[in-house]
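Visitor: Please see the structure below; I have some questions.
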Amino acid sequence: MNIGRRIRITGVVQGVGFRPWVHALASAYRVGGVVWNDPQGVSILVFGESRTLDTFVEAIRTSPPPLARIASITVETIPYEEHPHFRILPSQKKGRVEVAVTPDAATCRDCRQELLDPSNRRYRYPFINCTYCGPRYSIVTSVPYDRPNTTMVDFPMCEACRAEYEDPSDRRYHAQAICCPRCGPHLFFTHADGHRCEGDAIKLAAEALRTGGIVAIKGIGGFHLACDASREETVLRLRQRKRREEKPFAIMVRDTEVAATLIDLPPSAIPLLESPEHPILIAPRRVGIEDAIAPSVAPGHRTLGLMLPYTPIHLLLFAEGLTVLVMTSANLSDEPIVKDNEEAFERLRGIADFFLLHDRRIQTRLDDSVCRSGRERPVLLRRARGYVPLGIETGRIVDRILAFGGFLKNAPAIGRGSAIYPLQHIGDLETTLAIETFEETVKNFQAILEITPSLAACDLHPDYPTTHLAEASGLPWIRVQHHHAHLLSVMAEVRQYERAIGFAFDGTGYGDDGAIWGGEVLVFDPSSYDRVFHLAYLPLPGGDQAAKEPWRMALAYLHEAGIEELWERWLPSSLHPKAHDLLSLLHSHLPQPRTSSMGRLFDAVASLLGICHFNTYEGKAPMMLESLVRFDEEGTYPFTFAGSAIDVHEMIRAILRDREAGVDPSTIAARFHRTIVMIMLACAREIREKFSIRRVFLSGGVFANAVLSNWASESLQRQGFEVILPSLLPPNDGGIAVGQAIAAAASRAGVA
Ligand code: ZN
Ligand code: ZN
Ligand code: FE
């Protein structure tokens, strides 16, 4: 029977080649009709044999185009109409387009084939892209997402490209970044002084990398510093020049085959590595890979951060026979990534030996995204390229709320309607450049969303730069407690807003009482929270200095536990003079900041085990401690409660006893992790008894720790708790802006 269907599709369905794909599908099924973009997404009218139409709809549902993310499909039956063809109608721009710009996507399979096909007119062209792949958000200057509103405006299309662009059956139909060797951007290779080298830029760069050079490579959202990852002296030189003493470098490898020789690569992680997002995956490194990976790539780490080539430039480099490269963001320590050619020569002077550049401008800085595999889903640790500017549906009215985020690992967020749009990782707001990047990014994003904020949300901390920016924004502003925000961001991911148990474990967050919180157990919902348990306070000797120097925390814990006389046996003698000063400070009863930070407890234990006395980068000590854990150890240490305070002095004493008895540090590290899990279980059980709540949220930077996250969620689930961990947003401070927006929305609704 001939019939018609009206199909409405919402989600990320615009700017991802959805209409040409539907057109091709309709041709394959020989059905007539029309497709068009509307403000909510894509609409289709299709006519034909009823069973054919059912399989047509099923095909849309089960295998949409690679970059599409379907949120909903509704299908209505309508009367049959005669349509000899299937046509794409021009977009209707009534009202607001839901998804104006999509994320940058890694080079797709088809483009990879064309890139290496000598008969193709884009053979070895380093800017090949199509409707399904290539730069997007990073090149957009305003909306709508059309070529004149991207940095591709500098490159007028040639006739051949225009023909493809206008042909609905072509796979580059409406590909806004379409280009070819005749009309598009070009690569060039220079010395550090800017002098251009004659010859094939890719071959020159590959040769420089092969012979131990450090090459700055312009990518999608900024520059990378690249070098051969197997050459220790080269990697060491890069480390010295970059002033990045110990923080691990990410690597890029030729393909999954090479990846599998370097890390434990579960089959489930391969689709993630190869996804359009192409993030860096942090995974356990294999043993015996010293020949392939120089020790200085990730000193002292049991893991490696690894990604696959995601631009034609990368692919061409690896086609020259390279297999493993260091590919680290081009910046000094935690500054924003370098994006412009001129800026590169200036900021990377003395770091890069050569530059592989091109003449396509980068509009928006974007770092590589970073994730690690979780028990059920991957966990994003840094959300940037490939993910931004996708929104998250919150089910709450967060319209026109601008959330400023935190201080370190800053990433703001903007609400529109009930969707929240987390912006990319900007970094630590410690420099003028970082603050400028913050402002630039927010402004650009407001233009893309076509939104003017009406309410600001920021951290409770009085001295965060973001707090000052929020106050100076001219908007009414709401301050949100740091750990409340951490937990609310996870709530928003799953849209479950009933009062729940929250473990917010991190390094530093300003508390209601002015103390530095960070080991918090809350019972919370969007409008309020009770702080039911927390790590017992102890002095944070020297304030911020204590966060950078774990040995100070170790000493503070010994002092509190009444066993400070043991300090000389565990602290290296070089630190003894400073330790004397610190002890007299602790005895002086001068007012010290007080903290309940879980991150600082991890610091202290790492120092007591002698594995890390200085955090040369944020989170180093806890990472080293996690790296040590042996999985077959099941022992735990004692702890007690004093009212709402969790007292770990017994544990500290037991750890020192173990050390004195010569127990292996990896056993102690495991027992320590197990003890934290026991503490969580004890808290959760007591709350369940008292409040009858069984849903548990985990958030905060401490849950970047895979061992703790896995053990805690396993144990809690076994005890009948429902456990929810962050997945779309980072557990660290990169995720808090969304939580700030949710709290601000609740408080605005409460006032109205
Ligand atoms: Zn493509
Ligand atoms: Zn062209
Ligand atoms: Fe935090």
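Values quoted throughout were computed directly from the atomic coordinates according to the rules given, and no laboratory measurement underlies them. Quantities reported herein were computed from a predicted structural model and do not represent experimental measurements. Every residue, glycine among them, receives a Cβ derived from its backbone with ideal geometry; neighbour counts consider all protein chains shown.
Visitor: For the chain, give the share of DSSP beta bridges that are antiparallel, in percent and rounded to the nearest 5; count only bridges with both residues there.
Guide: Once the DSSP bridges in the chain are tallied, antiparallel ones form about 75 percent.
Visitor: Label-point separation (nm) for His191 and Glu498, each offset 7 Å from Cα along Cα-to-Cβ?
Guide: Going by the 7 Å Cα→Cβ label model, 7.0 nm.
Visitor: From the phi angles alone, apply the Karplus equation (6.51, -1.76, 1.60; θ = phi - 60°) to region 577-593 and give each ³J(HN,Hα) in whole Hz, x where the residue is Gly or Pro.
Guide: Couplings: x, 5, 5, 4, 4, 5, 5, 5, 5, 5, 7, 6, 6, 5, x, 10, x Hz.
Visitor: With label points built 7 Å along Cα→Cβ from the Cα atoms of Glu714 and Trp36, find their separation and express it in nm.
Guide: It is 5.6 nm.
Visitor: Can you compute the FRET efficiency between His589 and Thr431 using 1/(1 + (r/R0)^6), with r the Cβ-Cβ distance and R0 = 35 Å? Round to the nearest 0.05.
Guide: The pair His589/Thr431 has a calculated efficiency of 0.40.
Visitor: Which whole-number percent gives the relative contact order of region 291-371, counting Cα pairs below 8 Å spaced six or more residues apart?
Guide: Computed value for region 291-371: 24 percent relative contact order.
Visitor: Would you please put 170-183, 192-205 in order of how densely packed they are, using the mean number of other Cβ atoms within 10 angstrom per residue and starting with the highest?
Guide: By packing density, highest mean first, the sequence is 170-183, 192-205.
Visitor: Related question: Quick one: Debye curve from the C-alpha atoms of region 639-752, no solvent, what's log10 I(q)/I(0) at q = 0.20 Å⁻¹?
Guide: -1.19
Visitor: Working from the alpha-carbon coordinates of the chain, get Rg over Rh, Rh being the Kirkwood radius.
Guide: Ratio of gyration radius to Kirkwood radius for the chain: 0.99.
Visitor: A follow-up question, please. Give the separation of the Cα centroids, region 146-161 to region 340-357, in Å.
Guide: 27 Å
Visitor: Please give the length that would be gained between Tyr123 and His576 if that part of the chain were fully extended, namely 0.36 nm times their separation in residues minus their C-alpha to C-alpha distance (nm, one decimal).
Guide: Extra length from Tyr123 to His576 when fully extended: 156.7 nm.
Visitor: State whether region 1-78 is rounded, prolate or oblate according to the following rule on the C-alpha gyration tensor (a ≥ b ≥ c being the square roots of its eigenvalues): a/c under 1.5 gives rounded; otherwise a/b larger than b/c gives prolate, and the remaining case gives oblate.
Guide: Cα axes put region 1-78 in the prolate bin.
Visitor: What is the spread of the Cα atoms of region 183-252 along each of their three principal axes, largest first, in whole Å?
Guide: Each principal axis gives a Cα extent; for region 183-252 these are 43, 26, 23 Å.
Visitor: While we're looking at this one, here's another question. Taking the Cα atoms of region 442-530 alone, what are Rg (to one decimal) and Dmax (as a whole number) in Å?
Guide: Using the Cα atoms of region 442-530, the pair Rg, Dmax is 14.5, 39 Å.
Visitor: Based on Cα coordinates alone, diagonalise the gyration tensor for region 472-623, multiply each eigenvalue by 5, take square roots, and list the semi-axes in whole Å, largest first.
Guide: 33, 16, 14
Visitor: Starting from the amide H of Ala71, placed 1.01 Å from N in the peptide plane, find each other amide H under 5 Å away whose residue is 5 or more places distant or on another chain.
Guide: Counting only residues 5 or more places away or on other chains, the set is Thr10, Gly11, Val12.
Visitor: Past 22 Å, Cα to Cα, is the threshold; run Lys339/Lys443; Lys247/Lys578; Lys548/Lys578; Lys203/Lys242 against it and keep the listed order.
Guide: Check vs 22 Å cut-off fails for Lys247/Lys578; Lys203/Lys242.
Visitor: Could you list log10 I(q)/I(0) for region 47-86 at q = 0.29, 0.34 Å⁻¹, which the Debye formula gives when each Cα is one point scatterer?
Guide: -1.10, -1.21
Visitor: How high is the relative contact order of the chain? Use alpha-carbon pairs under 8 Å, at least six apart in sequence, and give a whole percent.
Guide: 11 percent
Visitor: OK, next. So for region 152-287, Kirkwood radius off the Cα pairs, Stokes-Einstein at 25 °C and 0.890 mPa s: how many µm² s⁻¹?
Guide: Answer from the Stokes-Einstein relation: 134 µm²/s.
Visitor: So what is the relative contact order of region 3-134, in percent, for Cα pairs below 8 Å that sit 6 or more residues apart?
Guide: 34 percent.
Visitor: Let me ask another. Hey, could you grab the Kirkwood Rh for region 221-318? Inverse mean 1/r over distinct alpha carbon pairs, Å, one decimal.
Guide: Kirkwood radius, region 221-318: 14.0 Å.
Visitor: Separate question: Can you give the Rg to Rh ratio of region 54-181, both from alpha-carbon atoms, with Rh computed by the Kirkwood formula?
Guide: 1.00
Visitor: Quick one: which residues, 5+ away or cross-chain, put their amide H under 5 Å from the amide H of Phe86? H built at 1.01 Å from N.
Guide: Residues meeting the amide H criterion: Gly33.
Visitor: Let me ask something additional. For region 54-67, just list the computed ³J(HN,Hα) in residue order, Karplus coefficients 6.51, -1.76 and 1.60, θ = phi - 60°, integers in Hz, with x standing in for Gly and Pro.
Guide: Running phi through 6.51 cos²θ - 1.76 cosθ + 1.60 with θ = phi - 60° gives 4, 5, 4, 5, 4, 5, 5, 5, 8, 9, x, x, x, 8 Hz.
Visitor: Quick query: amide H of Leu455 versus all other amide H atoms, modeled in the peptide plane; which residues come in under 5 Å with a sequence gap of 5 or more or a different chain?
Guide: The list, which skips near neighbours in sequence, is Leu402.
Visitor: Then there is this: Using DSSP, restrict attention to beta bridges with both residues in region 29-184 and report what percent are antiparallel, rounded to the nearest 5.
Guide: 75 percent
Visitor: Any idea how far apart Phe691 and Leu116 come out in nm if each label point goes 7 Å out from Cα toward Cβ?
Guide: So the two model labels end up 5.5 nm from each other.
Visitor: Kindly write out, for region 605-615 in residue order, the coupling ³J(HN,Hα) from the Karplus curve 6.51 cos²θ - 1.76 cosθ + 1.60 (θ = phi - 60°), rounded to whole Hz, with x marking Gly and Pro.
Guide: 5, 4, 5, 4, 7, x, 9, 7, 9, 10, 7
Visitor: Alpha carbon centre of region 40-66 versus region 627-669: separation in Å?
Guide: 58 Å
Visitor: What does the charge dipole of the chain about its Cα centre add up to, to the nearest 20 debye, if the Cβ of each Lys and Arg holds +1 and the Cβ of each Asp and Glu holds -1?
Guide: 1260 debye
Visitor: Something else: Give the span of region 261-372's Cα atoms along each principal axis, as three whole-Å numbers ordered largest to smallest.
Guide: Principal-axis extents of the Cα atoms in region 261-372, largest first: 41, 30, 30 Å.
Visitor: Please state, to two decimals, what the Cα-based radius of gyration of region 510-573 comes to when divided by 2.2 N^0.38 Å (N = residues).
Guide: 1.42
Visitor: Just to be sure I follow: if Rg is taken over the C-alpha atoms of region 681-737 and Rh is the Kirkwood radius over the same atoms, what is Rg/Rh?
Guide: Reported Rg/Rh (Cα atoms, Kirkwood Rh): 1.00.
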